[in-house]
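What follows is one structure encoded as structure tokens, with my remarks underneath.
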Amino acid sequence: MRKLIIKNFGPVLDAELELKAVNLLVGEQSIGKSTIAKLITIMTDIFSLNTIISGNHSSWLAQLKTYGLDIYQKYDYHIQYEWIEQDAHLLLKVTKDNVITSFTNGGVSITDVKEIGKILYAMKPIFHQDLYKKEIDSVVNTAKGPVSVSNEVLYSLQQLVINSLYIPAERNFFSFFSKALPALNLVRESIPQNLLRFALDYQNAKSAYSKYESSLLNVSYEYDDSDDYFTDYSSNQRYHLSYASSGIQSTMPLLLVLEYAVNKREYSSFVIEEPETNLFPDKQVALLRHILKTVNSDGRTLTITTHSPYLLSAMNNSLFAGLMIKQYGEGIKEELSNVIDKDCFLTPEECSVYSLGESVNGEGFYCKSVVDPETGMIDSNALDGVSLLLSAEFGKLEDVLLSHNK
């Protein structure tokens, strides 16, 4: 069980979220989705948690700066993260001036930060044992070299132990300036760390998958250690990626990094901002299902922020399929998989959906679950509130028309 409570932090005045295997945050722009998503990234990363616990408030401020959240430090805020897994129970409370940690293991209270760190790191899931050990050994061997490389060694170790991946909404930038990605590491002090981390993963992903087929985008991708290209299946023409449509430029980095993160890295928490950016509705749904199939497995969590009612509807269908299996048994799976891929089936126990926005009276902020506790599905009013408003507006226009036709 993981729970995050946020009060008076930037645009988020009051929010309480239970984080499950799959989490969807929906709401209009500038309402706080990214703020919550970044806090989830920090809290679900064992390296970040250990840094905050061992370094207290100065380390917390460093984490905020990594994700561009330090601008909210002036607020008198309260953030609380609770994580219960097996015998371990972590409660982390953070305010403008203080960090308070409570940790028990097997019912025994532990205050030594080093001991807490050891327990937390032991809870970190490892998906590629041999590869992980090989990379750790490589970094350790490098540490035996000159003292001048010590900072690079520490940085490399940090990249290996980070287990929370944040995929930003500004993905087009990385496609357009693809050639400059290797140089970003040289000027990392002047670039937001969360963007730099994504840039490094993107560069590594391009090297790992120099050829990548995407039936979702109907293109193939190639990287020749210098330039990025894509081939359009429809025309069979090959172009530089910078000439691709905005949808391809935004989605290709996401697809490559996701493939790399799942198959080559030890990420267990994935936070993706607005995957639907610049995509037609049917492609939005196809991308969501691709993400679910890629990430949705034991030990991994997925958080998505979105503006799209189509993603909400697609998530609702996944919940509907999961509820039917729960009611009628595993025997119905094959029949349902003819409609939706079985890897996209979800249950309310595995999925949370929160709507973010201003309160009804125009003051304050709400963050409410839109999964109906009785039906286990998303509230119909939340699926496409804009369509409901437009339908009501259309009805009023019809009333005007009828009044003039009398």
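Would the chain count as rounded, prolate or oblate if I go by the C-alpha gyration tensor, calling it rounded below 1.5 in a/c and otherwise prolate when a/b exceeds b/c, oblate otherwise? Since a/c reaches 1.5 but b/c is at least a/b, the shape of the chain is classed as oblate. Shown here for region 1-102: trypsin sites (Lys or Arg not before Pro) in loop regions (DSSP other than H, G, I, E, B) with at most 12 other Cβ atoms within 10 Å, namely LYS74.
Cα convex hull of region 199-331: mean projected area in nm², to one decimal?
On the way: hull surface 37.5 nm².
Directional mean of the projected Cα hull area for region 199-331 stands at 9.4 nm².
If exposed GluC sites (Glu not before Pro) are those in a DSSP loop with at most 16 other Cβ within 10 Å, what is the longest stretch of the chain that has none? Intermediate values should be presented prior to the final figure.
Values: sites that count: GLU28, GLU170, GLU349, GLU350, GLU358, GLU363, GLU374.
In short, 171-348.
Karplus-based coupling profile of region 291-301, in residue order and whole Hz: 4, 4, 5, 6, 9, 5, 8, 4, x, 10, 10, with θ = phi - 60° in 6.51 cos²θ - 1.76 cosθ + 1.60 and x standing for Gly or Pro.
For a quick check: with amide H placed at 1.01 Å from N, whose amide H comes under 5 Å from ILE167's, ignoring anything fewer than 5 positions away on the same chain? Under 5 Å from the amide H of ILE167 lie the amide H atoms of VAL271, ILE272, GLU273, each far enough along the sequence or on another chain.
In order along region 33-45, the phi-based Karplus estimate (6.51 cos²θ - 1.76 cosθ + 1.60, θ = phi - 60°) of 3J(HN,Hα) comes to 4, 5, 4, 5, 4, 5, 5, 4, 4, 5, 6, 8, 9 Hz; Gly and Pro are listed as x.
List, in the order given, every pair from LYS333/LYS368; LYS74/LYS368; LYS114/LYS134; LYS7/LYS368; LYS65/LYS206 whose Cα-Cα distance in the structure shown is over 23 Å. Mind dumping the intermediate values first?
Working: LYS333/LYS368 31 Å; LYS74/LYS368 26 Å; LYS114/LYS134 25 Å; LYS7/LYS368 14 Å; LYS65/LYS206 28 Å.
Those over the limit are LYS333/LYS368; LYS74/LYS368; LYS114/LYS134; LYS65/LYS206.
Share of carbon and sulfur in the accessible area of the chain stands at 52%, probe radius 1.4 Å.
Quick check for you: with a 1.4 Å probe and neighbouring chains kept, what is the accessible area per residue of the chain, in Å²? List each step's numbers first, then the result.
Numbers: 20070 Å² over 406 residues.
Accessible area per residue, the chain: 49 Å².
The values are calculated or read from the model by the stated rules, or taken from the named source; none is laboratory data. Remember, predicted model here, so these are calculated numbers, not experimental data. Note that each Cβ is placed from the backbone with ideal geometry, even for glycine, and that neighbours are counted across all protein chains shown. The protein model used for the area step is the full one, side chains on, heavy atoms only, and it has no ligands, DNA or RNA in it. Shrake-Rupley method; radii C 1.70, N 1.55, O 1.52, S 1.80 Å.
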